[in-house]
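Before any comments, here is the structure.
The values are calculated or read from the model by the stated rules, or taken from the named source; none is laboratory data. None of the values given here were measured: they were computed from a predicted structure. Note: ideal-geometry Cβ built from the backbone for every residue, glycine included; neighbour counts use all protein chains shown. Accessible surface areas use protein heavy atoms only, side chains included; no ligands, DNA or RNA. Shrake-Rupley method; radii C 1.70, N 1.55, O 1.52, S 1.80 Å.
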Amino acid sequence: MDELLKVVGLKKYFPIYGGILSRPKAYVRALDGVSFSIRRGETFGLVGESGCGKTTTGRVILRLIEPTSGEAFFEGRNLFSLNRSDMRKVRREIQMVFQDPFGSLNPRMTLGEIISEPLEIFGEGNRTQRREAVRELLRVVGLQPTDIDRFPHELSGGQRQRVGIARALVLRPKLVICDEPVSALDVSIQSQILNLLGELQQRFGLTYMFIAHGLNVIKHVSNRVGVMYLGKLVETAPVDELFAEPRHPYTEALLSAIPIPDPRKRLNRIVLEGDVPSPVKPPSGCRFHTRCPFARQLCKESEPEMVEIGPDRAVACHFPL
Ligand code: SF4
């Protein structure tokens, strides 16, 4: 499989302004040198606790917010060096499905208007053709073509997320960034939406970057996984290997958070204590050392680099498991 997206050394620092002159007095280091690649046709899961930078990664790739530094190559073109008009063209090919389907849909627009808006912006088809395309897409995402004149408030949460997915797909993108697309939904609805995303991937040959805060959802949708902690990637691996043999203590801790029915298997669990430290002043050395049960002196003094430990596997830890 060839690379569709390659991200290199991505940084995003948000300034915190203060003082009389309103100069930046500190920076929130939301992303601090993140590198990974996504292959055509696969689902790359990005996982970590709130505030680890995973959502910022998606938004920076789409240039909904501008990066501080780094590069992101989509089909070989550096997205960050494109002018507005070229970036606009690329945006057709990279779309996003948002976490909150209600907040991301304009309540005053009908489903037909919401889903056809991107077609209108890019000047595709006439009104009749656009409505026909919307009817077809409503059917594809499991809604009724007759829903075209309904409003978002008339729908359930799961149905609204189906509309969000239809809107993301209407321009036939190559890459879809799914930003926690099921975390706002009831558990009973989550698997329906995950199944739908899987079917659409097959049908349209899509590539997904799938962002989630827990590994249980990631397990069901991903081919490969990147684990993020405090603005950095700490482990990347094919999903089966990550679950069978996590090498970073933070990955192990995330796995330990997944409920398991067998009490004997709970014995070796790592319970994460405390909150994620502030990204304004991350801990010295390994950023995870303040919560890592295996931390030693070296971990406080020296930051571990991401090191390849096998085919398709890398970990940033001085003492991998
Ligand atoms: Fe834990 Fe040290 Fe590895 Fe960091 S480098 S994860 S503190 S063992």
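Scanning the stretch 225-244 for residues that are among the charged types (D, E, K, R), open to solvent by 20 Å² or more (accessible area, probe 1.4 Å) and touching a residue at least 60 places away in the same chain (Cβ under 8 Å) yields 232, 241.
If I ask for residues that are under 30 Å from residue 272 (Cα atoms) and crowded, with 22+ Cβ neighbours inside 10 Å, which ones from the stretch 1-25 would you list? The answer is 7, 10, 12.
Would you say residue 81 is under 29 Å from residue 217 (Cα atoms) and either at pLDDT 95 or above or outside the structural domain of residue 238 (by TED's automatic domain parsing) (or both)? No, not satisfied.
From the residues in the stretch 185-224 that are part of a loop (DSSP other than H, G, I, E, B) and open to solvent by 60 Å² or more (accessible area, probe 1.4 Å), which one is nearest to residue 251 (Cα to Cα)? Among those that are part of a loop (DSSP other than H, G, I, E, B) and open to solvent by 60 Å² or more (accessible area, probe 1.4 Å), it is 213. Annotation: residue 261 fulfils all but one of (1) open to solvent by 30 Å² or more (accessible area, probe 1.4 Å); (2) at pLDDT 90 or above; the unmet one is (2).
Condition first: within 9 Å of the ligand (Cβ to nearest atom), hydroxyl-bearing (Ser, Thr, Tyr) and in a helix (DSSP H, G or I). Can you find one or more residues in the stretch 238-250 that meet it?
There is at least one residue in the stretch 238-250 that is within 9 Å of the ligand (Cβ to nearest atom), hydroxyl-bearing (Ser, Thr, Tyr) and in a helix (DSSP H, G or I).
Applying a threshold of 7 Å to beta carbon distances and a minimum spacing of six or more residues, or different chains, the list of pairs starting in the stretch 166-188 at a residue that is in the same structural domain as residue 210 (by TED's automatic domain parsing) and closer than 17 Å to residue 59 by Cα and ending at one that is open to solvent by less than 50 Å² (accessible area, probe 1.4 Å) and assigned to a loop (DSSP other than H, G, I, E, B) reads 176/206; 177/62.
Filtering the stretch 301-321 down to residues that are outside any strand (DSSP E or B) and more than 8 Å from the ligand (Cβ to nearest atom), which residue is surrounded by the fewest Cβ atoms within 10 Å (Cβ to Cβ)?
Looking only at the stretch 301-321, we keep the residues that are outside any strand (DSSP E or B), and these are 301-306, 311-312, 316-321.
This time we only want the ones that are more than 8 Å from the ligand (Cβ to nearest atom), so: 301-303, 305-306, 311-312, 321.
Details: 301: 12, 302: 12, 303: 17, 305: 10, 306: 18, 311: 7, 312: 12, 321: 13.
The qualifying residue surrounded by the fewest Cβ atoms within 10 Å (Cβ to Cβ) is 311.
Take the residues in the stretch 140-165 that are part of a helix (DSSP H, G or I) and of a type in the set (A, V, I, L, M), then tell me which one is farthest from the chain's Cα centre (by Cα). Going through the qualifying residues, I end up with 148. Considering the stretch 281-295, and only residues there that are near the ligand (Cβ under 6 Å from one of its atoms) and free of Cβ contacts under 8 Å to residues at least 40 places away in the same chain, the residue that is farthest from residue 228 (Cα to Cα) turns out to be 295. Screening residue 38 against (1) modelled with pLDDT of 95 or more; (2) over 30 Å from residue 256 (Cβ atoms) leaves a single unmet condition, (2). Whether a residue is open to solvent by less than 10 Å² (accessible area, probe 1.4 Å), in contact (Cβ under 8 Å) with a residue 40 or more places away in the chain and over 27 Å from residue 92 (Cβ atoms) was assessed, and residue 47 passes this test. Residues considered: 60, 28. Of these, the only one that is closer than 17 Å to residue 229 by Cβ and either touching a residue at least 40 places away in the same chain (Cβ under 8 Å) or open to solvent by 70 Å² or more (accessible area, probe 1.4 Å) (or both) is 28. Here residue 297 meets the list (1) at pLDDT 95 or above; (2) touching a helix residue (DSSP H, G or I) at 6+ places or on another chain (Cβ under 9 Å) almost entirely, failing just condition (2). Go through the residues of the stretch 245-254 one by one and say whether even a single one is open to solvent by 30 Å² or more (accessible area, probe 1.4 Å) and under 30 Å from residue 143 (Cα atoms). Looking for residues that are open to solvent by 30 Å² or more (accessible area, probe 1.4 Å) and under 30 Å from residue 143 (Cα atoms), one finds none in the stretch 245-254, hence no.
Quick one: which of 88, 135, 127 is without any contact (Cβ under 8 Å) to a residue 40 or more places away in the chain, more than 19 Å from residue 179 (Cα to Cα) and assigned by TED's automatic domain parsing to the domain that holds residue 258? Write out each step before concluding.
Numbers: 135 fails: assigned by TED's automatic domain parsing to the domain that holds residue 258; 127 fails: assigned by TED's automatic domain parsing to the domain that holds residue 258.
None of the other options fit; the residue is 88.
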